[in-house]
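Take a look at the structure below.
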Amino acid sequence: MGKMKTFLITGGAGFIGANLIDRVLKENNRVICIDNFLLGKQENIIPFLTDVNFHFIEKDITIIENLFDSIKDYEIDYVFHLAANSDIQLSGQDPLADYKSTFLTTLSVLECMRRKGIKKMFFSSSGAVYGEKPNSTLTENSNLAPISYYGGSKMASEAFISSYAHMNDLDVTIFRFPNVIGPHLTHGVIFDFIKKLKQNPKSLEVLGDGTQNKSYIFVQDLIEAILMIALSGDKGVNIYNIGGDGSTTVREIADMVCAKLGLKDVSYIYSGGDRGWKGDIPTFQFDVSKIHQRGWYAKHNSTEAVQATLDAIL
């Protein structure tokens, strides 16, 4: 990466943020991490607290002045904006969770970048912006029609990023994620299955009918892509789908978790229907040729990512 840079990482105590911090500190950079521990975990940042290049600020950044006061004395080269509500089921019960944690944090970051003259940003968006298109391979130019509050807040964030970028000459990389898994996982199907099976190793509740089929990406592969593309010096707003090859069904994940735990004859109890909850998208397929053209390929396919995650956390 060359000379030391200062990175502001919002949501840095979260799952992806902690993995990103680990990588950039090892490459001799300075990190300012902001998190309010709503979803991030204190233990995720404990390994960094003794590093002189790591600075942690516990703050609610949904309020612009909170964020501005926290960073006004720092010279920041690059913002990695990862702070968001990443629990889609939670926001299905409370739309304000996404409005606050996903959209308002983005607005705060953009406004503080404008005030401080920071020009470079990475934003973690989601395949949820596309909505439900079961028979389509989704390209970056596909129509956006989100069906969840989460997808709507990510789409609104992308729109504000686009307008701030054009009004203030920002250079922004946006990744639309599939399901990201790996060490420090805090929620999602793998996390839920392990928790349920530790409570009852005889039976497992499976939301939906088990045929939900999605792409999973290993977090280390994602970090490689973020740093490769975001720090490449591209101008303007650049959007990429990101993902590995293939997809994995919920039933296959259940079988893999049981095998890893050494459990046999577990009875699966399906809640029924073709999805886990309202707003869930049971199946989708990304076109990732755009990021492949940049020279990035995931080292793990979807099912290998699931296995690598199980090996890391069990």
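The values are calculated or read from the model by the stated rules, or taken from the named source; none is laboratory data. What you see is a predicted model; the values in this text were computed from it and never measured. Quick reminder, even Gly has a Cβ in these numbers, built from the backbone with ideal geometry, and neighbours come from all protein chains shown.
Quick one: is Asp311 more than 19 Å from the chain's Cα centre (by Cα), more than 18 Å from Ile88 (Cα to Cα) and surrounded by fewer than 20 Cβ atoms within 10 Å (Cβ to Cβ)? Spelling it out, Asp311 is indeed more than 19 Å from the chain's Cα centre (by Cα), more than 18 Å from Ile88 (Cα to Cα) and surrounded by fewer than 20 Cβ atoms within 10 Å (Cβ to Cβ). Pairs linking a residue in the stretch 90-105 that is over 13 Å from Gly279 (Cα atoms) and touching a residue at least 40 places away in the same chain (Cβ under 8 Å) to a residue that is surrounded by 21 or more Cβ atoms within 10 Å (Cβ to Cβ) and aliphatic (A, V, I, L, M), with Cβ atoms under 6 Å and 6 or more positions apart or on different chains, are Ser101/Ala84; Thr102/Ala84; Thr105/Ile61; Thr105/Ala83. Restricting attention to the stretch 194-214 and to residues that are in a loop (DSSP other than H, G, I, E, B) and of a type in the set (D, E, K, R), the residue that is surrounded by the fewest Cβ atoms within 10 Å (Cβ to Cβ) turns out to be Lys202. Quick check on the stretch 78-92: of everything there that is in contact with a Phe, Trp or Tyr (Cβ under 6 Å, 6 or more places away or on another chain) and at pLDDT 95 or above, which residue is surrounded by the fewest Cβ atoms within 10 Å (Cβ to Cβ)? Residue satisfying both the conditions and the ranking: Tyr78. The residues of the stretch 167-193 that are part of a helix (DSSP H, G or I) and without any contact (Cβ under 8 Å) to a residue 60 or more places away in the chain, listed by number, are Met167, Asn168, Phe191, Asp192. Show the residue pairs meeting these rules: Cβ distance below 9 Å; 6+ apart or different chains; first residue within the stretch 132-144 and within 11 Å of Asn241 (Cα to Cα) and surrounded by 13 or more Cβ atoms within 10 Å (Cβ to Cβ); second residue of a type in the set (Lys, Arg) and at pLDDT 95 or above. Every condition considered, the pairs that remain are Leu138/Arg176; Thr139/Lys290; Glu140/Arg176; Glu140/Lys290. Within the span defined as the stretch 125-144, every residue fails to be under 19 Å from the mean Cα position of the chain (by Cα) and farther than 25 Å from Asn213 by Cβ.
For the residues Ile291, Ile226, Ile217, Ile281, the requirement of being β-branched (Val, Ile, Thr), part of a loop (DSSP other than H, G, I, E, B) and touching a strand residue (DSSP E or B) at 6+ places or on another chain (Cβ under 9 Å) singles out Ile281.
Could you please let me know if Tyr240 is touching an Asp or Glu at 6+ places or on another chain (Cβ under 6 Å) and of a type in the set (Phe, Trp, Tyr)? No.
When each of Ala159, Ala145 is tested for being part of a helix (DSSP H, G or I), of a type in the set (Gly, Ala, Ser) and modelled with pLDDT of 95 or more, the lone residue that passes is Ala159. Scan the stretch 3-45 for residues that are of a type in the set (A, V, I, L, M), in contact with an Asp or Glu (Cβ under 6 Å, 6 or more places away or on another chain) and buried (at least 24 other Cβ atoms within 10 Å of the Cβ) and the total you get is 1. For the stretch 37-51, the criterion of being part of a helix (DSSP H, G or I), aromatic (Phe, Trp, Tyr) and in contact (Cβ under 8 Å) with a residue 40 or more places away in the chain is met by no residue. Each residue in the stretch 245-278 was checked for being among the acidic types (Asp, Glu) and part of a loop (DSSP other than H, G, I, E, B), and 3 of them qualify.
The residues in the stretch 56-77 that are out of contact with any Ser or Thr (no Cβ under 8 Å at 6 or more places or on another chain), of a type outside the set (Val, Ile, Thr) and either surrounded by 16 or more Cβ atoms within 10 Å (Cβ to Cβ) or part of a loop (DSSP other than H, G, I, E, B) (or both) can be counted, and the count is 5.
Identify all residues within the stretch 114-124 that are in contact with a Phe, Trp or Tyr (Cβ under 8 Å, 6 or more places away or on another chain) and either surrounded by 24 or more Cβ atoms within 10 Å (Cβ to Cβ) or free of Cβ contacts under 8 Å to residues at least 12 places away in the same chain (or both); write none if there are none. Correct list: Met121, Phe123, Ser124.
Residues of the stretch 233-241 include none that is surrounded by 19 or more Cβ atoms within 10 Å (Cβ to Cβ) and not in a strand (DSSP E or B).
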